[in-house]
1. Give the residues of segment 302-320 that are over 17 Å from ILE244 (Cα atoms) and under 27 Å from the mean Cα position of the chain (by Cα), sorted by residue number.
2. Do we have any residue at all in segment 247-266 that's in contact with a helix residue (DSSP H, G or I) (Cβ under 9 Å, 6 or more places away or on another chain), at pLDDT 90 or above, in a strand (DSSP E or B) and within 22 Å of MET318 (Cβ to Cβ)?
3. Being modelled with pLDDT of 90 or more and among the polar types (S, T, N, Q) narrows it down to one residue among SER116, SER196; which is it?
4. So in segment 30-46, with the set limited to residues that are of a type in the set (D, E, K, R) and under 15 Å from MET236 (Cβ atoms), which one is farthest from ligand 1 (Cβ to nearest atom)?
5. Looking at (1) under 25 Å from ASP37 (Cβ atoms); (2) surrounded by 13 or more Cβ atoms within 10 Å (Cβ to Cβ), which is the only condition ILE278 fails?
6. Examine segment 263-271 for a residue that is farther than 15 Å from LYS332 by Cα and polar (S, T, N, Q), and state whether such a residue exists.
7. State which residue is surrounded by the fewest Cβ atoms within 10 Å (Cβ to Cβ) when the search covers only segment 45-100 and only residues that are of a type in the set (A, V, I, L, M) and within 16 Å of ligand 2 (Cβ to nearest atom).
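The values are calculated or read from the model by the stated rules, or taken from the named source; none is laboratory data. None of the values given here were measured: they were computed from a predicted structure. Counting neighbours? That spans all protein chains shown, and the Cβs are built from the backbone with ideal geometry, glycine included. Accessible surface is based on the protein model in full, side chains and every heavy atom, while ligands, DNA and RNA are left aside. Shrake-Rupley method; radii C 1.70, N 1.55, O 1.52, S 1.80 Å.
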Amino acid sequence: MTDDKNVLIRVRGLKTWYPVKKGVFKHTVGYVKAVDDVDLDVYRGEILGVVGESGCGKTTLGKSILQLIRPYAGNVFYDFPEGEKDLMTMKKKDLDEARRRMQIVFQDPYSSLNPSFTIFGSMQEPLIRFGMKNKEERKKKIAELLQAVNLPEDYMERYPNEFSGGQRQRIGIARALSVSPEFIVCDEAVSALDVSIQAQVLQLLMKLKEEYKLTYMFITHDLSVVEYISDRIIVMYLGHIVEIADTQELFANTLHPYTEALISAIPVADINQRRKRIPLQGDVPSPVNPPSGCPFHPRCPKCQDVCKTKKPEPVTLMKNGRPHTVCCHLVKTEERKEKKE
Ligand SMILES: Nc1ncnc2c1ncn2[C@@H]1O[C@H](COP(=O)(O)OP(=O)(O)OP(=O)(O)O)[C@@H](O)[C@H]1O
Ligand SMILES: [Mg+2]
């Protein structure tokens, strides 16, 4: 699946910095480097998990790819039927078409559903925007979409507050699907739901992925969820990608001390399978003044002198013919392979 011909989105050198303004004249005095120099490929048909602690830049990365936030620098190449184009240099009109192909489902669908509109009212809006003029046609389409997410079609007459959290999330998913996207960013899409509803919504997302041939970027702070559903996982820390590997490989041969600490914190029911927990000291440092050298060094239990001064370059090791990329000085040089992802 992860072959170069199948790349849907190619992100290179992506930087999304939020200006920090001070004083009456609102001068920019610095930047929150929420996403800083990120390279990644999203393969067609995959589920790419994105994990990391709160504030490490997951949402900013998702929104930057979708151009819901305009990044400060870098390229986001999208594979259109007519060939690859850079979303960063696209005109607004062309960007609208690109945005139809890419949708986002948030943790709280309240944010995308207008409380004073019925579900029909909220769901018809993107359909009108993308050219469905006939009301009956829109009704039929919305009925189909509700059916696809296992909700009765007459729910379209109801208001958002008349639904449970799980139902509202399914409406959010139906709404995202309404414009026939190829790529969906699920940003903590199941995090607010209780475990049984979480499993239902995850199963629904898997079913829809097959039915509609979708590609997902699945953002979560919950590693047990991404372990269950993702083909590959990206681990982010302070705006940087610190490790990328196939899910099984990441769990079996963890290379970055930060990933090790995250994995060690996953609750395991079976007492014999419990891992030794590696505590993470302190909080994530400020992305306005990130630490020198490796951004993780002040919290790393394996920190060496070099980590304090020199920023580690990403290196890709080939494991059973599959790439495993990591950004850490401690990965032995003799194991390194020159090829970068
Ligand atoms: N609009 C904004 N203006 C300024 N700073 C922002 C803005 N949005 C996010 N940030 C900052 O950028 C950094 C990354 O935020 P982001 O929301 O991408 O993190 P996250 O990994 O999604 O976190 P969480 O798991 O809590 O959702 C944080 O330090 C945050 O405070
Ligand atoms: Mg977030």
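1. Within segment 302-320, the subset over 17 Å from ILE244 (Cα atoms) is 302-311.
Correct list: LYS311 only.
2. The answer is no, given that none of the residues of segment 247-266 is in contact with a helix residue (DSSP H, G or I) (Cβ under 9 Å, 6 or more places away or on another chain), at pLDDT 90 or above, in a strand (DSSP E or B) and within 22 Å of MET318 (Cβ to Cβ).
3. SER116
4. ASP39
5. Condition not satisfied by ILE278: (1).
6. yes
7. The initial filter retains those residues of segment 45-100 that are of a type in the set (A, V, I, L, M), namely 47-48, 50-51, 61, 65-66, 68-69, 73, 76, 87-88, 90, 95, 98.
In the following step, the residues that additionally are within 16 Å of ligand 2 (Cβ to nearest atom) were identified as 48, 50-51, 61, 65-66, 68-69.
Values: LEU48: 26, VAL50: 28, VAL51: 26, LEU61: 29, ILE65: 26, LEU66: 21, LEU68: 14, ILE69: 17.
Among residues in segment 45-100 that are of a type in the set (A, V, I, L, M) and within 16 Å of ligand 2 (Cβ to nearest atom), the one surrounded by the fewest Cβ atoms within 10 Å (Cβ to Cβ) is LEU68.
Conditions tested, residue by residue: (1) closer than 26 Å to ALA73 by Cβ; (2) in contact with a Phe, Trp or Tyr (Cβ under 8 Å, 6 or more places away or on another chain).
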position	(1), (2)
THR220	no, no
GLU227	no, yes
ILE234	yes, no
HIS240	yes, no
ILE244	yes, no
GLN248	no, no
